[in-house]
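Just so it is clear, none of the values below were taken in a lab; they were calculated from the coordinates. Please read all numbers here as calculations on a predicted model, not as lab measurements. We place every Cβ from the backbone using ideal geometry, glycine too, and count neighbours over all the protein chains shown.
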Amino acid sequence: MKQEPKEPCDACDCEQPKPEQEFADAVEENAEEASAAVDELARWRDKALRTAAEYDNYRKRCVREREEFNKYANRSLLEELLPVVDNFEMGMQMAGQDSSSMIYIGMSMVQKQLQDFLAGQGVEPIACEPGAPFDHNLHEAIMSEASEQPEGTILRIIRKGYTLRGRLLRPVNVVTAAAPEQPAPAGDANA
């Protein structure tokens, strides 16, 4: 143990340690502990900041996922409704032969309500015309036929396709053009 300088006491002849020296010795002895405590504090502060950032990211992700879920929650219902819409449109084509009939007028009103409902749910028909190039992101080729059209051109539309808020709900079913078959050479025995 280190000898501390002492100063004489006024009341008696004994010497007392100086208070400044006591403080300096205490600080020196606890410097390592204080340094370790500061390091520990820095680690916990860093961990708290990281945890807070992770929680904030988690909260934002949950909000995004909830919005995404709400946006597309009725997808399966709409997918099941589309064949009904298809059949209704076929009925409209048949009823359209007599466009002055009350049945046709009533069906037209219902068709308008269906279209408004689908549009309100974010369902939009995919624009597709014969002669357009095939797009594998929007179209589904049901079959292909030999044609004079360039290969991959849409020849006919079999069934309409739809998107739900910009995402594919159902692809357009189409018939595409294939390269015309070339006749086999006359001298080919395997033909």
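With the cut-off at 1.5 for a/c, could you classify region 16-73 from its C-alpha gyration tensor as rounded, prolate or oblate? Taking the square roots of the gyration eigenvalues as a ≥ b ≥ c, region 16-73 is prolate.
This ranking places Arg64, Arg75 by how few other beta-carbon atoms lie within 10 Å of each, fewest first, which gives Arg64, Arg75.
Residue order for Leu118, Leu168, fewest other beta carbons within 10 angstrom first, comes to Leu168, Leu118.
Which shape class applies to region 78-150: rounded if a/c is under 1.5, otherwise prolate when a/b exceeds b/c and oblate if not, where a ≥ b ≥ c are the square roots of the Cα gyration tensor eigenvalues?
oblate
When only Cα pairs below 8 angstrom with a gap of at least 6 residues are kept, region 124-180 shows a relative contact order of 45 percent.
From the square roots a ≥ b ≥ c of the eigenvalues of the alpha-carbon gyration tensor of region 90-191, which class results: rounded (a/c under 1.5), prolate (a/b over b/c), or oblate?
Here region 90-191 falls in the oblate category.
Of all beta bridges that DSSP places with both ends in region 68-191, some 60 percent have antiparallel geometry.
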